[in-house]
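The structure appears below as structure tokens.
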Amino acid sequence: MKKACKSCKRILVKGNVCPVCHSTDITTSFQGVVVIFDVESEIAKRLGITAPGKYAVRV
């Protein structure tokens with residue numbers, strides 16, 4: 001089952017610690033997925049994303 005970090009919205013493939021912000025505040029309840037390649041894009045800026053990867057739209 002996929003999980004998302006409540007702090008930075010990063011989707012985790014395995015484990016219970018976020019690789020981006022190192023938070024352990026994880027949930028399985030999230031909506032939407034966005035994949036960010038360019039952290040300078042308008043979408044990344046609006047979502048507050050600072051590292052490339054897969055993120056939940058709403059946690």
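Does Val20 satisfy being among the β-branched types (Val, Ile, Thr), under 9 Å from the mean Cα position of the chain (by Cα) and surrounded by 10 or more Cβ atoms within 10 Å (Cβ to Cβ)?
Numbers: among the β-branched types (Val, Ile, Thr): yes; under 9 Å from the mean Cα position of the chain (by Cα): yes; surrounded by 10 or more Cβ atoms within 10 Å (Cβ to Cβ): yes.
Criteria met by Val20.
Report every pair of residues separated by at least 6 positions or lying on different chains whose Cβ atoms are under 8 Å apart, first residue within segment 1-13 and closer than 11 Å to Asp25 by Cβ and free of Cβ contacts under 8 Å to residues at least 24 places away in the same chain, second of a type in the set (Gly, Ala, Ser) and surrounded by fewer than 19 Cβ atoms within 10 Å (Cβ to Cβ).
Short answer, once both residue conditions are applied: Ser7/Ser23.
Consider segment 14-26. How many of its residues are under 13 Å from Tyr55 (Cβ atoms) and either β-branched (Val, Ile, Thr) or in contact with a Pro (Cβ under 6 Å, 6 or more places away or on another chain) (or both)? Break it down stepwise before answering.
Initial filter on segment 14-26 (under 13 Å from Tyr55 (Cβ atoms)): 18-21.
With the extra rule that they be either β-branched (Val, Ile, Thr) or in contact with a Pro (Cβ under 6 Å, 6 or more places away or on another chain) (or both), the set shrinks to 20.
Total meeting the criteria: 1.
Here, each number is a calculation from the coordinates, and none is a lab measurement. Remember, it's a predicted structure, so these values are computed and weren't measured experimentally. Here the Cβ is made from the backbone with ideal geometry for all residues, glycine too, and neighbour counts use every protein chain on show.
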